[in-house]
Each structure stands twice: as C-alpha cells, then as structure tokens.
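Structure, as structure tokens:
The values are calculated or read from the model by the stated rules, or taken from the named source; none is laboratory data. None of the values given here were measured: they were computed from a predicted structure. All Cβ positions, even for glycine, are placed from backbone atoms using ideal geometry, and neighbour counts span all protein chains on display. Please note that ligands, DNA and RNA were not included when accessible areas were found on the heavy atoms of the full protein model with its side chains. Shrake-Rupley method; radii C 1.70, N 1.55, O 1.52, S 1.80 Å.
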Amino acid sequence: MQKDHGSSAPSTPTSARLRHRRRSNEFNFEMSKTNGNHLLINDHDKYKSMWIRACSSLWMLGGFLLIIYLGHLYILAMVVVIQIFMASELFNLLRRAHEDKRLPGFRILNWHFYFTAMLFVYGRILSHQLVNTVTSDKIFYKLVSKLIKYQMVICYFLYIAGVMWFILTLKKKMYKYQFGQFAWTHMILIVVFTQSAFTVANIFEGIFWFLLPASLIAVNDVAAYFFGFFFGKTPLIKLSPKKTWEGFIGASVVTTISAFVLANVFGHFQWLTCPRKDLSTGWLLCDPGPLFKPEYYPLPGWLSRWVLPWKEVAILPVQWHALCLSLFASSIAPFGGFFASGFKRAFKIKDFGDSIPGHGGFTDRMDCQMVMAVFAYIYHQSFVVPQDYTVEMIINEILRSLTLEEQQILYTKLGQILQERMFTFFLPRVIASRT
C-alpha cells in the first residue's frame, strides 16, 4: 500500500533544504533515455529558441565589435567582467542557502580569494604595460615600481589572511561543507584564471591573436548549430544529446574556410596586428612584420584565363597559421563544450546560469573559448614568436625588470663597454697603418 505524499504531509528540514537547492536551470535528464529525441531537427520549439538565440547573439556581437574598436584596455575590462560572471555562476553551483545562513561572511571569503588571485595574475601579466604607462611621472613611476616589486609578497599575505579567516570560521557539523566549498573555490580560480591569463596575454600581443581564435569558436558554434538544426540526424556524443555528426563536420568545413578569410581581413588593420606596450588607449602604428605582409603566388594559366581575372593571388603568411588554429577550433576545442555538458549532467542542471537568453550563462558560452585561448597563446609563443633573442625582446625585458635609475646605470655602463671595445678594435689598425 502506497503512502500518501499529498500537501498534508509535514515539511521536514531535509525536504525544505532540497526545495531550496532546486534552481530554475535544473533539468530532468531522465525525461528521455535516447539521444534521438533531443535532436534539434525533432524539436517542435526549435524556431522559437532559434529566434531568441539569434536576437541575443546580435546584441552580443554589436557590443563585442564596439569593444574591439575601443581597444585593448576595454577588451581587458570585458574579460574581467566575463570572469566575474563566470566565477559567480560557478560559486553558486554548489552553494546551499540553508548552510550559508549559518556561515555569515562565507561568500565574502570566496570573493576575497578571487580578487587576490586576480591581483596576482594580472599584476604579473601587466607589469610591463603598467610601468610603461607611468614612466613620464616620477612619483607614480616610483610607486608602481615598488608595488610591482612587492606584488608577490602582498598577494601571498592576502592569501594567507584568507586561509586564516577560513580556519577561524570553521563550525562544528559544517566541516565537510566548508572544506568542500574551500576546494571548489580553488578549482574555480584555477579554471577561470588559467584561461583568462592566456587571453589577456593574447590581447596585448595584438588584438588579432585574441579576435581570430574567439571568432573561430563563435563561427564553429554557429555553424554547428545551423547544420544540426537543418540536417542533424546522427547523434555525436551522449554527453551532449543535441550535437550531431552533420553539425560537427559542417562546422569544421565552415570554420576552416572562415579562418583563411578572416585572417586576411583582420591582417590588414594595424589596430588589430600591433602589440600594445602600455595601458593607454591611443591609436597604434607599427611595422606589421613579415606575417602580415602579402606574398604573391602565380595562378595556373588556364585558371587565370577562364575562371579568375587575376594572374596571381596575394596571401598573408598568417593565413597559414590561421588554418592550424581552425583545425584546433573545429576538432579539439568542442571537447571543452562536451566536458561542460558532462559537468552539468553530473549536477543535473541544464545551464550554468540564465544571464544570456537562449544561451544560458556566461560559463556556457566560454567553455570552448577557454580551451582555445590557451592553445592560441601556446601556438603563438611556439610557432610565431621568434625563438632567438632579438634586440626588441631584450629591451622589453629591461623595461619590465629594471627601474628608471637602474636603466640609466645600464645605459652608462653599456656606453663605457662600447667605447672600450671600439678602442681595442681600432687602435691596432691605427698603429698598423702608421707603421
């Protein structure tokens, strides 16, 4: 005989806790056991969801293009804002309101660790640009130089203060929850700041190296959605039921073609190709370098005579690098999305948040971008940046590591060394000519 579970049943603390934990983005994955029922081609509300997704995508695209136009500093601010939203979504994932009420200040502790990590990571990455920004003002230069010199010590003691705070707030019967939150916070910091550190480094190497990888992920995502929307019939992976082989293959082709075209378009704008050496927002002028200077390839005679009106075609060397990035963006980066899908299934949620209509949360949009940003930086440092030391690299290291007074001392010593070498080089020749 079954028990009656009607409204007359008393509410226990456990049931109240479970109700409190239920979120608007929870999703019942037991509704269908087969992947085929989840395919977009079988979704009756697919046109409505496509319209919502398209409208929010256009708003995001417009804002993104405006920020790209404004420059490096504004892109950095955008990355920081996205980071904060991602951290907030991930912090909330394992948070329980019932336990948090018994731990006042525990959320503030999470954000203390977050902003300490931000100070450490961005302080290390942007120290060179920050010094170059304030070199004209001696007072600010000395202040910034001291902060950079002791930045690691400051961050360390801020972190230790957070650990001490955490230990002092430990409560009986809450140890497991508190240590779980402590470990979860550190995992979030690793995930969020690893990709953002590489993203910021890409931005200051030239917006091109941030914009192209991000664009390829967006193109691949959109192409996979539309190919799956109209042609998808073969499920790709169980972790993400709406992904299909048709969408995966179609997106790979579109992404490869787009990479070759977009690299050529972006490569003609110095605003995108020039690296930024400081934190100013002024216009950039620089030597684009051999990667962004066209090379001309002759076309076969029959092709130029009957098909195309040109005898040769101009290709930027960076376009070949773009093809390598496109292969990663279309074949490996999607596994970041599959990982996120499996993660969401483990917690029985549909999306990490609901900040972006039709897309979910910021973390849902950044899953593949995180993987791509790391690869773009590693690829750029391994195959694009010259491996041998150049004069510019040495000068940049001097500006980054030495104070203004130390640079003046180095300048004086280099002058003395050069004078001695010139003297020892020319003196024997003068003596020989006189004899």
Inside the stretch 317-350, can you point out the residues that are in a loop (DSSP other than H, G, I, E, B) and open to solvent by 40 Å² or more (accessible area, probe 1.4 Å)?
-> Ile332, Phe347, Lys348, Lys350
Which one of the conditions (1) within 27 Å of Gly250 (Cα to Cα); (2) surrounded by fewer than 16 Cβ atoms within 10 Å (Cβ to Cβ); (3) not polar (S, T, N, Q) does Trp310 fail to meet, given that it meets all the rest?
-> (1)
Does Leu279 satisfy the criteria of being open to solvent by less than 40 Å² (accessible area, probe 1.4 Å), touching a residue at least 12 places away in the same chain (Cβ under 8 Å), in the same structural domain as Ile237 (by the TED database) and over 21 Å from the mean Cα position of the chain (by Cα)?
-> no
Can you find a residue in the stretch 157-164 that is closer than 21 Å to Ile398 by Cα, surrounded by fewer than 19 Cβ atoms within 10 Å (Cβ to Cβ), among the hydrophobic types (A, V, I, L, M, F, W, C) and out of contact with any strand residue (DSSP E or B) (no Cβ under 8 Å at 6 or more places or on another chain)?
-> no
Any chance you could count how many residues in the stretch 359-375 are open to solvent by 30 Å² or more (accessible area, probe 1.4 Å) and over 9 Å from the mean Cα position of the chain (by Cα)?
-> 3
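Return yes or no: is Phe383 at pLDDT 80 or above, open to solvent by 60 Å² or more (accessible area, probe 1.4 Å), in the same structural domain as Met78 (by the TED database) and of a type in the set (A, V, I, L, M, F, W, C)? Working first, answer last.
Details: at pLDDT 80 or above: yes; open to solvent by 60 Å² or more (accessible area, probe 1.4 Å): yes; in the same structural domain as Met78 (by the TED database): yes; of a type in the set (A, V, I, L, M, F, W, C): yes.
Against the criterion (at pLDDT 80 or above, open to solvent by 60 Å² or more (accessible area, probe 1.4 Å), in the same structural domain as Met78 (by the TED database) and of a type in the set (A, V, I, L, M, F, W, C)), Phe383 qualifies.
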Would a scan of the stretch 198-209 turn up a residue that is in a helix (DSSP H, G or I), more than 30 Å from Gly282 (Cα to Cα) and open to solvent by 10 Å² or more (accessible area, probe 1.4 Å)?
-> no
